[in-house]
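Worksheet: one structure, shown below.
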There are 2 protein chains.
Amino acid sequence: MLTIGKLGQSAAVKVPTIRYYEQIGLLPAPERSSGNQRLYGKSALDRLAFIRHARELGFPLEAIRDLLSLSDRPDQSCAAADAIARRQLSAVRARIARLKALEAELERMIGQCAQGTIADCRVIEVLGDHTLCATDHDVPVESAA
Amino acid sequence: MLTIGKLGQSAAVKVPTIRYYEQIGLLPAPERSSGNQRLYGKSALDRLAFIRHARELGFPLEAIRDLLSLSDRPDQSCAAADAIARRQLSAVRARIARLKALEAELERMIGQCAQGTIADCRVIEVLGDHTLCATDHDVPVESAA
DNA sequence: CTAATCTCTCTAGCAACTATAGGTTCAAGG
DNA sequence: CCTTGAACCTATAGTTGCTAGAGAGATTAG
């Protein structure tokens, strides 16, 4: 039996994240010690590792929820799991394409910067006037924090 | 003088988003009509277009805030603007590299899927066991919603 | 036995919006 | 002139996937 801290260490998931997963129903509520602390078995570790790994591959939690419920029914066709993975793959590819366009535009913008004053800064100018752009990039994009 | 709706249309930014930008101080509070509705001039349109465009290029709002305050001082060196753009470029490149690793892993995972039952589904199996992975991808990644 | 380290619950915050509710104003048609 | 419907107003809550904090209780090492 693992405490939440040990579980977190084993699966490389932070403790509050585990509690969060339980809260949103991705992990079942585990048994508790006499002092009300969570105690986990091997199956919880497997499940958490699965979640972690899927997150690393960029699957959204809702997709992971679906994958988990699939893996609970091992006799069914894996077409659904395959479909989820394919969706994820095409999402990843779309993001790569999008980011490459951004990369090109940023490179162009920076390449034109002669390090003068703001008044002739191409960076500022390009941002202020979309028509100066070489590529199309009018779909909003998520932050690159 | 533009109403918020016209402004939004002209800059391709949704109305609630404009109000949000005002709320967080990215756009100045505009004058109001006798009936308390916002009225914008050309400068607001320029500023909003700038923000929109920078968002398209993936700049986080905080970076845009910096760029805007730079563009308000046209006599200064543009080194700071250049630095912001370069930071953004390297963030974009890092994300591309990361996504390519994910793409490769997903391709591998899907390629192994023989469309049998869940019990021998490589997708599920690979997700459950990180050691089956070809590539390293242990840094958490943002969702691909 | 005590001190340090977990762990507990609950709440609030992050980015960057989006949506909803419930009300007001405006522009155009009859 | 009046009404209808679209656009506008404020304020609040929700989204995703966590992270951080407060204040209290549990456990374990020495």
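The values are calculated or read from the model by the stated rules, or taken from the named source; none is laboratory data. Worth saying up front: this structure is predicted, and the values here are computed from it rather than measured. Glycine gets a Cβ as well: all are built from the backbone with ideal geometry, and neighbour counts include every protein chain shown. The area values use the complete protein model at the heavy-atom level, side chains included, leaving out ligands, DNA and RNA. Shrake-Rupley method; radii C 1.70, N 1.55, O 1.52, S 1.80 Å.
The table below gives the values:
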{"item": "Positive minus negative residues near A:Tyr21 (Lys, Arg vs Asp, Glu; Cβ under 14 Å)", "result": "+4"}
{"item": "With DNA, RNA and ligands ignored, accessible area of A:Asp46 (1.4 Å probe; Å², nearest 10)", "result": "70 Å²"}
{"item": "Relative contact order (%) - chain B, alpha-carbon pairs under 8 angstrom, separation at least six", "result": "14 percent"}
{"item": "Residue among B:Ala81, B:Ala104, B:Ala91 with the largest mean-square fluctuation in a Gaussian network model of chain B, springs linking Cα atoms under 10 Å", "result": "B:Ala104"}
{"item": "Exam field: A:Asp46 pseudo-label spacings to other copies (7 Å along Cα-Cβ), nanometres", "result": "6.4"}
{"item": "Per-copy distances of the A:Glu22 label point, shortest first, in nm (7 angstrom along Cα→Cβ)", "result": "4.6"}
{"item": "Alpha carbon Rg of the stretch B:79-132, scaled by the compact-globule rule 2.2 N^0.38 Å", "result": "1.80"}
{"item": "Where A meets B: accessible area buried, both sides, 1.4 Å probe, Å²", "result": "5600 Å²"}
{"item": "With every protein chain in place, chain A: carbon and sulfur % of accessible area (1.4 Å)", "result": "53 percent"}
{"item": "For the A-to-B rotation axis, chain A residue with nearest beta carbon and its distance in angstrom", "result": "A:Ile96, 3"}
{"item": "Exposure of B:Glu31 as accessible area (Å², to 10), given a probe of 1.4 Å and all protein chains", "result": "100 Å²"}
{"item": "Percent of C-alpha pairs per 5 Å bin, the protein assembly as shown, short to long", "result": "1, 5, 11, 12, 12, 11, 10, 9, 9, 8, 6, 4, 2, 0"}
{"item": "Pseudo-label separations to other copies for B:Ser33 - Cα-to-Cβ vector, 7 Å, nm", "result": "6.6"}
{"item": "Local electrostatic count at A:Leu68 - Lys and Arg +1, Asp and Glu -1, tallied over other residues with Cβ under 14 Å", "result": "-1"}
